[in-house]
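The values are calculated or read from the model by the stated rules, or taken from the named source; none is laboratory data. The shown structure was predicted, so the numbers you read here are calculated from the model rather than taken from an experiment. Don't worry about glycine lacking a Cβ; one is built from the backbone with ideal geometry, like all the others, and counts go over all protein chains shown. Protein only, heavy atoms only, side chains kept; ligands, DNA and RNA dropped before computing areas. Shrake-Rupley method; radii C 1.70, N 1.55, O 1.52, S 1.80 Å.
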Amino acid sequence: MTGSIQARSTFEPGFFPTVALYFDPLESASAASWQDTFLRPRLHAGVSISSAGAASQIFAGLNWTVNVTDRFYLDLGFGGTVHNGDNKDDGTDGPKLGCTLLFREYAAAGFRLTDTLDIVASIDHSSNADLCAPNDGISHAGLSLAYKF
């Protein structure tokens with residue numbers, strides 16, 4: 001579950017239930033070094049739904065997980081997202097995004113509670129990298145549970 005961390009005029013009300021699936025076709029879990037980990041990103045895809053009618057998103061991309069200890073890890077990801085938010089500066093509150101297709105990046109810190117269950121703190125940001133105007137972007141932070149199948 002995430003929430004907006006935007007400034008007052010671009011703040012998105014409500015909360016954003018998010019479901020993401022992670023795939024490991026390049027077997028990043030068997031990487032022997034950080035260089036090998038970098039060359040074997042995982043794939044992710046997901047959806048974030050606004051509870052208040054703000055910008056919902058469908059996203060996908062690549063991510064890299066680095067184990068800090070046996071139980072604690074960091075995860076970084078980059079990709080793209082499609083949203084249904086407001087693209088034009090029409091005088092209303094909320095982020096004005098300029099384009100329907102945005103870049104999306106995130107960072108997360110996770111802790112393995114069991115072999116199949118993790119708790120994860122994350123932050124994500126989506127914007128058009130000034131390819132369209134306006135470009136307020138979307139930023140969220142939150143806590144989630146991750147289940148490994």
>> Condition first: small (G, A, S), surrounded by 11 or more Cβ atoms within 10 Å (Cβ to Cβ) and free of Cβ contacts under 8 Å to residues at least 24 places away in the same chain. Now tell me which residues in the stretch 3-51 satisfy that.
In response: A29, A31
> Within the set of pairs 6 or more residues apart or between chains, which connect a residue that is closer than 18 Å to G142 by Cβ and assigned to a strand (DSSP E or B) inside the stretch 87-116 to a residue that is of a type in the set (D, E, K, R) and open to solvent by 60 Å² or more (accessible area, probe 1.4 Å) with Cβ atoms less than 6 Å apart?
Replying inline: F111/R71
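Every residue, every condition in (1) within 24 Å of V19 (Cβ to Cβ); (2) open to solvent by less than 60 Å² (accessible area, probe 1.4 Å); (3) not aliphatic (A, V, I, L, M), yes or no:
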{"site": "P95", "(1), (2), (3)": "yes, yes, yes"}
{"site": "T100", "(1), (2), (3)": "yes, no, yes"}
{"site": "F103", "(1), (2), (3)": "yes, no, yes"}
{"site": "A109", "(1), (2), (3)": "yes, yes, no"}
{"site": "L113", "(1), (2), (3)": "yes, no, no"}
{"site": "A121", "(1), (2), (3)": "yes, yes, no"}
{"site": "S126", "(1), (2), (3)": "yes, yes, yes"}
{"site": "C132", "(1), (2), (3)": "no, yes, yes"}
> Of all the residues that make up the stretch 134-149, how many are touching a residue at least 40 places away in the same chain (Cβ under 8 Å), in a loop (DSSP other than H, G, I, E, B) and either among the β-branched types (V, I, T) or open to solvent by 30 Å² or more (accessible area, probe 1.4 Å) (or both)?
Replying inline: 2
>> As an exercise: evaluate G77 against (1) farther than 13 Å from A20 by Cβ; (2) assigned to a strand (DSSP E or B); (3) open to solvent by less than 20 Å² (accessible area, probe 1.4 Å); (4) not acidic (D, E) and give the number of the one condition it does not meet.
In response: (1)
>> Residue under question is N63, and the condition is that it be of a type outside the set (A, V, I, L, M, F, W, C), open to solvent by less than 80 Å² (accessible area, probe 1.4 Å), without any contact (Cβ under 8 Å) to a residue 60 or more places away in the chain and in contact with a His (Cβ under 6 Å, 6 or more places away or on another chain); does it hold?
In response: yes
> Only one residue in T114, T81 is β-branched (V, I, T), at pLDDT 95 or above and out of contact with any Ser or Thr (no Cβ under 9 Å at 6 or more places or on another chain), so which one is that?
Replying inline: T114
